[in-house]
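The values are calculated or read from the model by the stated rules, or taken from the named source; none is laboratory data. This one's a predicted model, so the numbers in the text were calculated from it and none came from an experiment. Here the Cβ is made from the backbone with ideal geometry for all residues, glycine too, and neighbour counts use every protein chain on show. All accessible areas refer to the heavy atoms of the entire protein, side chains included, with ligands and DNA or RNA removed. Shrake-Rupley method; radii C 1.70, N 1.55, O 1.52, S 1.80 Å.
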Amino acid sequence: MEIFTLLETLEDLLENSRSLPFSSKGLVDKEEMLDLIKEIRIKLPDELKQAKWVKEERQRILVEAQKEADGIVKEAENRIIAMIDEHEITRKAYEQKAEIIETANEMSREISQGTKEYANNLLNSTEKVLNETLNKLGTNMTEALNLMQISLEDTIKTIQNSRKELQRLIVKGLKQKGKYNKTYLSRCKKELEVISYHGFEDYFLIVRDYVIWAKNNGIAVGGGRGSVCNCLIAYAIGITNVDSIKYKLDFNRFMRKEKKTLPDIDCDFETSRRQEVIDYVIKKYKGKAIQICSYGMYDIDNLVNDLAGVCGLKTTKEVDEYEASENKRTIAEIKAYIRSYVFDDELNMKALLQDMRTQVLNDRYDNIIKHFSKMYGKIKYLGKHAAGVAVVGTDISNYTCIIMRDRKTGALSSCYDKDDLEHINCVKFDMLGLKTESEMRELEHLTNHIVTDEEIEDTLVLGAFRNGHTDGIFQMEKSTPKKILSMIHCDCVEDVIAVNALNRPAPLQLKMHETYAYNKLSGKVDTTTPYYKYTKETYGTMLYQEQTTEVAQKVGHLTEQQSFDMLKIMKKQENLTKPEYVPIIEQMKKDFYKGCKSEGLTKEQTDSIWASMLIYGFNKGHSTGYALISLQQMFYKIYYPTEFWYVKIKYA
């Protein structure tokens with residue numbers, strides 16, 4: 001390892017030697033250490049280059065000496081590296097300096113007599129640099145190690161305290177919900193093991209903190225959305241209202257040891273008061289949190305509109321009505337012309353610029369297409385992400401520039417968007433807005449009643465869904481879900497959850513709702529197949545992502561990672577034909593067919609399962625979280641119709 005590689009290693013250690021994002025201190029003074037490394041980088045090459053200033057005729061001897069000196073430096077580096085134990089550079093780097101230099105001297109004595117004079121000169125230069133470097137490193141490392149020891153102890157205590165606090169909240173929550181039993185405790189224990197493996201205890205505590213704060217301040221919070229509904233701990237500590245054991249939701253869909261990214265816990269708040277929650281988080285972690293910005297990009301429509309005004313196609317009051325009308329027609333034609341070069345969501349700019357019509361338009365309208373080609377896909381404006389807040393463990397300005405978004409209110413935001421912030425280890429929290437939550441809060445207030453899990457299974461409630469009486473019901477009031485509810489003869493909570501997943505473009509196009517209804521009502525679905533037990537709740541229809549991964553693993557014998565890779569690929573239909581995914585899919589298919597054969601399935605059966613797995617899959621956790629809102633609203637509609645319709649009209 002060269003000395004510069006060692007310096008890069010030290011830099012990496014320093015960059016990564018920070019406490020968890022939510023601890024109070026960093027481990028070392030990184031800036032001071034990084035400055036020191038930069039100084040070493042500048043000084044060391046100058047010293048080494050002294051040996052190269054010899055006369056041309058002795059170049060061969062110098063090369064020989066350089067090799068020997070490199071060995072000396074390498075030996076010194078190895079001595080330092082050997083003292084690194086789990087990212088802790090010990091004081092021995094300084095104390096054994098003399099030993100390192102002595103080793104270098106012993107090696108220098110072995111150099112041939114003819115090169116000794118030049119090698120010694122180079123050795124002295126190298127020794128001087130090493131001496132100054134190690135002296136400075138010794139002083140600074142001693143101070144850094146003292147800080148590191150204190151910070152490590154603080155970090156360990158923080159982790160231990162966070163884990164204990166999370167355990168306390170889990171037990172407390174399960175007792176309050178009447179779920180403090182072996183089944184629920186065992187599931188929570190397994191989930192906590194994964195959470196602790198990644199060190200995400202603080203993440204859950206922070207989310208719970210602002211969720212509970214919102215509830216305590218009269219702000220309605222959603223019962224759960226996204227894959228966090230698959231997490232029983234989130235249910236136990238009050239982040240969601242979805243019992244993942246009751247609704248058979250797989251925790252691995254949300255988090256697992258092999259998944260290295262942060263969990264994504266999105267929470268719905270009533271839209272009119274969501275900013276209060278965002279402000280609370282920013283204020284609580286003052287100097288360490290910032291609302292995330294968003295970038296508005298130039299696309300075909302807005303860019304042509306903007307260019308038209310300065311390229312002779314004005315549509316404002318500056319021109320008469322006839323000219324404005326003609327210009328609008330021309331603008332529409334230019335947009336249609338440009339769109340004719342869009343293939344697979346990609347604009348073929350090269351072909352567009354080579355078209356003869358482009359030259360005509362440029363000549364006629366002040367190079368409008370030429371300007372378009374330069375600005376397309378560029379940033380139009382800097383805005384704010386309506387829901388995102390980034391939180392770090394130190395000063396947020398160490399991670400991103402800060403801009404004042406609103407001079408009147410003093411509101412600030414980052415200069416990096418959510419994707420860039422995630423790449424530099426900023427933790428993102430999303431506080432989403434949902435108008436329906438305002439309705440739910442007011443219904444609870446007016447009726448003085450909170451709908452229970454038992455009440456959503458009321459026969460009148462389910463009967464109203466079956467009969468299509470879903471006007472005013474969250475995500476169920478349009479004609480399509482009404483038709484599906486009636487078609488499948490909805491008679492249980494699971495049916496409502498299924499309709500939430502079926503009422504999407506892809507399953508409707510594939511007529512999956514018709515298959516679901518036929519299988520349920522005809523009773524002709526084959527229940528003897530090895531995969532039926534995994535799709536029993538949807539009557540043999542492969543509807544949920546959780547079913548896809550379970551069948552892939554238990555019937556097709558794919559690994560857990562392969563099954564989740566499949567979910568990632570099938571998110572977009574075009575992924576199935578992308579060159580980077582084709583070899584992965586082919587290997588999965590080969591392994592899957594082999595596994596199905598060992599389970600006794602025919603090729604025809606395997607073909608059918610494989611095709612259905614790749615076509616569609618919806619997150620059951622999200623479908624469940626939103627279906628519960630629909631069920632709760634239906635209860636209010638049935639038993640408190642006056643209050644229900646008053647609220648619907650008020651928030652219409």
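Which loop trypsin sites (Lys or Arg not before Pro) in the stretch 565-643, with loop taken from DSSP, have no more than 16 other Cβ atoms within 10 angstrom of their Cβ? Write out the running numbers ahead of the final one.
On the way: sites: Lys568, Lys571, Lys572, Lys589, Lys590, Lys594, Lys597, Lys603, Lys620, Lys637; in loops: Lys571, Lys572.
Taking the stretch 565-643 and a limit of 16 other Cβ atoms within 10 Å, the loop trypsin sites (Lys or Arg not before Pro) found are Lys571, Lys572.
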So what is the relative contact order for the stretch 316-459, in percent, with contacts set as C-alpha pairs under 8 Å and at least six apart?
14 percent
Orientation-averaged projected area, Cα convex hull of the stretch 188-291 (nm²)
6.8 nm²
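Using 0.36 nm per residue of separation minus the Cα-Cα distance, give me the extension gain between Tyr646 and Leu353 in nm, one decimal. Before the final figure, lay out the partial values.
Working: separation 293, 0.36 × 293 = 105.48 nm, distance 5.77 nm.
Extra length from Tyr646 to Leu353 when fully extended: 99.7 nm.
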Among Gln632, Met542, Gly595 - extreme Cα towards positive end, dipole of the stretch 500-652, charges at beta-carbon
Gln632
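On a 1.4 Å probe surface of the protein chains, which of Tyr322, Tyr376, Tyr197 comes out largest in accessible area, and what is the full order?
Numbers: Tyr322 160, Tyr376 75, Tyr197 125 Å².
Ranking Tyr322, Tyr376, Tyr197 by accessible area, largest first, yields Tyr322, Tyr197, Tyr376.
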What ³J(HN,Hα) values, in whole Hz, does the Karplus curve 6.51 cos²θ - 1.76 cosθ + 1.60 give for the stretch 374-383 when θ = phi - 60°, with x put for Gly and Pro?
7, 9, 4, x, 8, 6, 8, 7, 10, x
Low-density loop positions, GluC sites (Glu not before Pro), the stretch 278-330 - DSSP coil, at most 12 other Cβ in 10 Å
Glu318
Show the residues, 5+ positions off or on another chain, whose built amide H is closer than 5 Å to the amide H of Gly433.
Phe269
What accessible area, in Å² to the nearest ten, does a 1.4 Å probe give for Leu353?
80 Å²
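Over 16 Å, how big is the tail of the calculated P(r) for the stretch 177-240, in percent of all Cα pairs? Mind dumping the intermediate values first?
Details: 1015 of 2016 pairs.
So the pairs more than 16 Å apart make up 50 percent of the total in the stretch 177-240.
Which entries of Lys384/Lys428; Lys175/Lys246; Lys328/Lys350; Lys260/Lys597 have Cα-Cα distances beyond 23 Å here? Kindly include the intermediate steps, with their values, before the conclusion.
Working: Lys384/Lys428 14 Å; Lys175/Lys246 16 Å; Lys328/Lys350 26 Å; Lys260/Lys597 33 Å.
The answer is Lys328/Lys350; Lys260/Lys597.
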In the stretch 470-583, with Lys and Arg counted as +1 and Asp and Glu as -1 at Cβ, which of these residues, Ser479, Val499, Leu521, has the Cα nearest the positive end of the dipole, that is, farthest along it?
Ser479
